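Where a number appears in this text, it was derived from the coordinates with a stated rule and is not lab data. Small disclaimer: the values here were computed from a predicted structure and weren't measured. When we count neighbours, we look across all protein chains shown, and the Cβ atoms used for this are built from the backbone with ideal geometry, even at glycine.
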Amino acid sequence: MNADAGFDTKLFRRLCFIKDITDNVDKNKRRGVERGDEDAYPFDNQLYKRRFVVEQLNAWVDGFKTLSVRYETSSKNWMQLHAIAFAIIFLRKCKLFQI
């Protein structure tokens, strides 16, 4: 599970351990370093950077208000609206389409 530094608590890490979830939580720099805590938890920086891509896509999708509130009763139509939104996002990134 990828999580930001706000989830860097002993309770959260203990719950992940109990549920057998591998956590990849960034260290909270404000919390300070406790003795022996520097290398206690492994952290995959590359995996954490990929998390940002997903968060950014979710923010872009939130820009499409039709998708935020689900008025569509058909799952097929709802999925097609998402496909259109993703196509527009892709075309904007490629500078092929400006709105």
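How high is the FRET efficiency between residue 26 and residue 59 when r is their beta carbon distance and R₀ equals 30 Å, given to the nearest 0.05?
Numbers: r = 19 Å, r/R0 = 0.63.
In this case the efficiency is close to 0.95.
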Which of the trypsin sites (Lys or Arg not before Pro) across the range 1-33 are loop residues per DSSP, with 10 or fewer other Cβ within 10 Å?
19, 29, 30
Projected label distance in nm at residue 4 and residue 47, using a 7 Å step from Cα toward the beta-carbon:
2.0 nm
Sorted by chain and then number, the residues having a modelled amide H within less than 5 Å of the amide H of residue 26, at least 5 places away or on another chain, are 3, 5
